[in-house]
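Student: Could you have a look at this structure, given as structure tokens, before my questions?
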Amino acid sequence: MKDRFEIAADLTAVANYLRLKGENPFKVQAYERGAAALESFAGDLDGLVKARRLQQISGVGGALAAIIEEIHSTGECRMLQQFRDELPPGALELSGVPGLNLKRIIALHESLNITSIADLKAACEQGQISRVKGFGQKTETKLLADLEKLERPRDGLLLLDDALQKGEKILNYLRGCPDLLQGETAGGLRRRKEIVARIVIVASSNRHKAVLNRFLGYPELV
């Protein structure tokens with residue numbers, strides 16, 4: 001059984017696939033609102049699911065309620081699995097690269113079996129992208145420049161793997177403070193978004209200043 005954060009992550013993934021496929025923006029936003037609503041919900045989710053009263057949560061309509069119930073009870077989302085089966089592996093990750101739409105992602109997968117940003121960068125560096133129909137040297141050069149920007153933390157964007165590592169380092173550092181009661185990642189990192197704009201940490205303590213001071217002493221921050 002998945003918790004509300006894991007269910008929210010699945011809803012966010014559905015929203016991203018819908019956006020990638022060019023679906024109605026209002027439909028995409030509905031899933032994003034549902035994910036945000038679950039993240040912030042502090043009530044008894046199990047009770048609402050059993051009573052079939054999920055629509056009491058603001059931002060959750062009938063269609064979303066049915067999907068949340070499905071994920072909660074089975075641990076799977078049929079719509080999400082359908083997208084994963086239908087589209088090339090790594091499509092969501094690659095969609096975070098400027099200039100890559102679904103048509104181009106499919107072309108790269110069929111021509112070069114590219115399934116990740118790492119694959120894409122390697123292909124750019126080896127001059128393979130320019131030989132794919134519909135691309136060219138100019139596109140390859142721009143893609144490589146955009147990929148290098150994505151790898152720079154100062155640009156405000158991190159790939160999920162990098163963000164997870166950095167988030168865990170911060171948490172491990174904070175856990176060295178005896179006044180920390182609990183600390184977890186939140187936001188895009190908790191939802192496992194492919195591209196993370198910022199690392200959000202939620203912490204609880206009866207002596208919050210001690211935890212904040214501990215955080216301000218984090219080596220990379222200093």
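The values are calculated or read from the model by the stated rules, or taken from the named source; none is laboratory data. Because the structure is predicted, anything quoted here is derived from the model rather than measured. All Cβ positions, glycine included, derive from the backbone under ideal geometry; neighbour counts span all protein chains shown. All accessible areas refer to the heavy atoms of the entire protein, side chains included, with ligands and DNA or RNA removed. Shrake-Rupley method; radii C 1.70, N 1.55, O 1.52, S 1.80 Å.
Student: Only helices (runs of 4 or more DSSP H) wholly contained in the range 115-183 count here; list those with 3 or more residues that are under 17 Å from Y218 (Cβ atoms) and open to solvent by 30 Å² or more (accessible area, probe 1.4 Å).
Tutor: 160-174
Student: Is it the case that some residue within the range 8-17 is open to solvent by 30 Å² or more (accessible area, probe 1.4 Å), outside any loop (DSSP other than H, G, I, E, B) and of a type in the set (D, E, K, R)?
Tutor: No: the range 8-17 contains no residue that is open to solvent by 30 Å² or more (accessible area, probe 1.4 Å), outside any loop (DSSP other than H, G, I, E, B) and of a type in the set (D, E, K, R).
Student: Next up: In the range 175-187, is there at least one residue being β-branched (V, I, T) and touching a helix residue (DSSP H, G or I) at 6+ places or on another chain (Cβ under 6 Å)?
Tutor: Yes, that holds for at least one residue.
Student: Separate question: Looking at (1) within 25 Å of L92 (Cβ to Cβ); (2) at pLDDT 90 or above; (3) surrounded by fewer than 20 Cβ atoms within 10 Å (Cβ to Cβ), find the lone condition where E39 falls short.
Tutor: (2)
Student: Could you tell me which numbered condition G34 fails, if it satisfies all but one of (1) within 23 Å of M1 (Cβ to Cβ); (2) part of a helix (DSSP H, G or I); (3) more than 18 Å from the chain's Cα centre (by Cα)?
Tutor: (3)
Student: Suppose the filter is assigned to a helix (DSSP H, G or I) and open to solvent by 70 Å² or more (accessible area, probe 1.4 Å); does D85 pass it?
Tutor: yes
Student: Next question. Do the conditions hold for L159, that is, is it modelled with pLDDT of 80 or more and closer than 30 Å to D119 by Cα?
Tutor: In short, yes.
Student: Would you be able to tell me the number of residues in the range 188-199 that are in a helix (DSSP H, G or I) and touching a residue at least 60 places away in the same chain (Cβ under 8 Å)?
Tutor: Residues meeting the conditions: 1.
Student: Okay, next question. Within the range 42-59, which residues are outside any loop (DSSP other than H, G, I, E, B), open to solvent by 30 Å² or more (accessible area, probe 1.4 Å) and touching a helix residue (DSSP H, G or I) at 6+ places or on another chain (Cβ under 7 Å)?
Tutor: Selection gives Q55, Q56.
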